[in-house]
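The values are calculated or read from the model by the stated rules, or taken from the named source; none is laboratory data. Just so you know, these numbers come straight off a predicted model, no measurement behind them. Here the Cβ positions follow ideal geometry from the backbone for every residue, glycine too, while neighbour counts run over all protein chains shown.
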Amino acid sequence: MPVDDATPIAIQVEDLHKSFRIPTSRVDSLKERVVRPFATRDYRELRALDGVSFEIERGEFFGIVGRNGSGKSTLLKLLASIYRVDSGTIRMAGRMAPFIELGVGFNTDLSARENVVLNGVMMGLTPSEARNRLDAVIEFAELEEFVDLKLKNYSSGMLVRLAFSLLLEVDADILLIDEVLAVGDAAFQQKCADAFHEMKAAGKTIVLVTHAMAQVETYCHRAMLIDGGRVAAIGAPDEVGRQYLRRNFERAGDGGGADASGAGRDAAVRMLDASLLDAAGERVNSVEQGEKLRLRIRIEALEDFAALGVGYMIVNSSGIAVAQLRALVGGEPPPRVKKGERYEIETSADNLLAPGHYIVHCGINRVLEGGIALDLPSAIDFVVFGGDEDRGLVTLPQETATRPMGAGDR
């Protein structure tokens with residue numbers, strides 16, 4: 001439903017509800033359907049959004065953050081009219097363009113040239129406007145050599161770059177973006193950052209869903225935290241970011257009962273902060289391949305310890321553990337840690353990881369007594385960019401020697 005053009009409000013959402021019916025038993029084969037044609041199907045209701053209300057002003061860069069499953073991506077799809085609301089109202093002022101899922105709207109059997117024109121028209125351009133902007137789209141995406149290649153032969157990074165470049169050229173009033181792309185080399189990363197700053201300066205209304213707090217603090221005027229399908233906080237990006245991290249750490253530290261991992265109510269260490277740092281010590285969400293990987297955590301002891309150690313497990317987007325780092329709290333030999341003491345631990349390592357998205361699982365271990373004081377899954381997530389895509393899990397340092405073989409060599 002449109003908003004009156006005279007109002008300063010670009011997006012108005014009131015009492016939004018959305019649920020999904022999920023079958024508790026599946027019928028996966030034709031044989032099962034034939035044998036049990038009248039079998040009843042049971043469903044459980046997943047309430048994705050429960051009474052969400054907020055407003056976004058024209059020209060505002062608005063961030064939406066929350067844990068996986070909190071409802072933030074569902075909200076963005078409702079704003080984009082991909083999903084239909086169960087109840088509540090959504091009002092928008094201006095033309096909207098979504099950048100929500102990789103490849104949505106693209107026909108992989110068509111070339112990049114054909115897809116740019118087709119999607120440009122779908123986003124509100126005339127066919128002639130879409131054709132006139134083709135060169136600008138392809139140039140920004142740095143895909144001039146692949147403009148006539150079918151998209152089914154594109155890598156995921158090339159697809160994201162093409163979709164993002166098209167988004168910049170459609171002149172929409174409202175942009176809906178689910179995660180900021182972090183692909184390509186350092187120069188392309190900088191182009192993307194410059195594009196966001198230009199859109200912000202031009203007064204575009206931008207809604208950004210992301211896990212990266214650094215992006216929220218860099219770009220957004222305001223942010224909203226969604227938790228369990230409800231609005232938990234709206235306000236300044238830094239404060240909302242702190243609440244997001246605090247909720248993550250509190251749940252990992254004292255939610256859901258104790259278990260063998262130490263992540264339950266018996267956790268004896270509180271995580272205060274966890275972040276990826278650049279060379280200047282600033283929080284970032286991406287690092288170029290070859291640069292140092294710098295991880296920093298801040299913890300508080302909830303009881304006395306003979307000694308504590310930190311273990312990091314770095315896992316890629318496929319769930320494969322690709323690297324492990326360890327450190328001692330307080331240095332070596334590790335000192336006794338008393339209840340209430342706080343420590344900052346910074347660990348750095350050579351970044352040999354292949355380009356992609358990574359999650360860091362963090363564990364605080366009782367070094368001498370044995371056992372785990374805190375287990376925090378998904379403490380940090382980050383992206384490695386640059387280098388060659390799709391070339392294994394890590395790039396190993398190597399030395400090579402060659403020599404000619406004589407007739408007698410075997």
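Overview of results
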{"item": "Filter result for I380 (in contact with a Ser or Thr (Cβ under 7 Å, 6 or more places away or on another chain) and surrounded by 14 or more Cβ atoms within 10 Å (Cβ to Cβ))", "result": "yes"}
{"item": "Selection status of L396, under 33 Å from the mean Cα position of the chain (by Cα) and exposed (fewer than 11 other Cβ atoms within 10 Å of the Cβ)", "result": "yes"}
{"item": "Matching entry among L393, L353, L368 (being within 14 Å of Q324 (Cβ to Cβ), at pLDDT below 80 and hydrophobic (A, V, I, L, M, F, W, C))", "result": "L393"}
{"item": "Filtered residues of segment 176-213 (kept if modelled with pLDDT of 85 or more, not hydroxyl-bearing (S, T, Y) and not in a helix (DSSP H, G or I))", "result": "L176, I177, A202, G203, K204, I206, V207, L208, V209"}
{"item": "Among (1) more than 16 Å from C192 (Cβ to Cβ); (2) modelled with pLDDT of 90 or more, the one test that A136 misses", "result": "(1)"}
{"item": "Qualifying residue in segment 229-238 (condition: within 30 Å of G51 (Cβ to Cβ) and modelled with pLDDT under 90)", "result": "yes"}
{"item": "Members of segment 43-61 found to be within 22 Å of the chain's Cα centre (by Cα) and in a loop (DSSP other than H, G, I, E, B), listed by number", "result": "E60"}
{"item": "Condition check for F99: over 22 Å from H197 (Cβ atoms) and either touching a Ser or Thr at 6+ places or on another chain (Cβ under 7 Å) or of a type in the set (F, W, Y) (or both)", "result": "no"}
{"item": "Residue check for V27: over 16 Å from A223 (Cβ atoms), in contact with a helix residue (DSSP H, G or I) (Cβ under 7 Å, 6 or more places away or on another chain) and at pLDDT below 65", "result": "yes"}
{"item": "Options S81, S87; residue that is under 28 Å from E57 (Cβ atoms), modelled with pLDDT under 90 and over 21 Å from the mean Cα position of the chain (by Cα)", "result": "S81"}
{"item": "Check on F164, under 30 Å from H17 (Cβ atoms) and within 27 Å of the chain's Cα centre (by Cα)", "result": "no"}
{"item": "Pair list, Cβ < 7 Å and 6+ apart or interchain, from segment 216-243 residues that are in the same structural domain as G59 (by TED's automatic domain parsing) to residues that are aromatic (F, W, Y) and not in a strand (DSSP E or B)", "result": "Y219/F196; L225/Y244"}
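Yes or no, residue by residue, for (1) touching a residue at least 40 places away in the same chain (Cβ under 8 Å); (2) of a type in the set (S, T, Y); (3) assigned by TED's automatic domain parsing to the domain that holds N365; (4) farther than 17 Å from L376 by Cβ:
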| site | (1), (2), (3), (4) |
| --- | --- |
| A301 | yes, no, yes, no |
| L308 | yes, no, yes, no |
| Y312 | yes, yes, yes, no |
| K339 | no, no, yes, yes |
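Condition check ((1) under 25 Å from S73 (Cα atoms); (2) not charged (D, E, K, R)) across all residues:
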position: R131; (1), (2): no, no
position: E139; (1), (2): no, no
position: L143; (1), (2): no, yes
position: D148; (1), (2): no, no
position: G157; (1), (2): yes, yes
position: S165; (1), (2): yes, yes
position: E179; (1), (2): yes, no
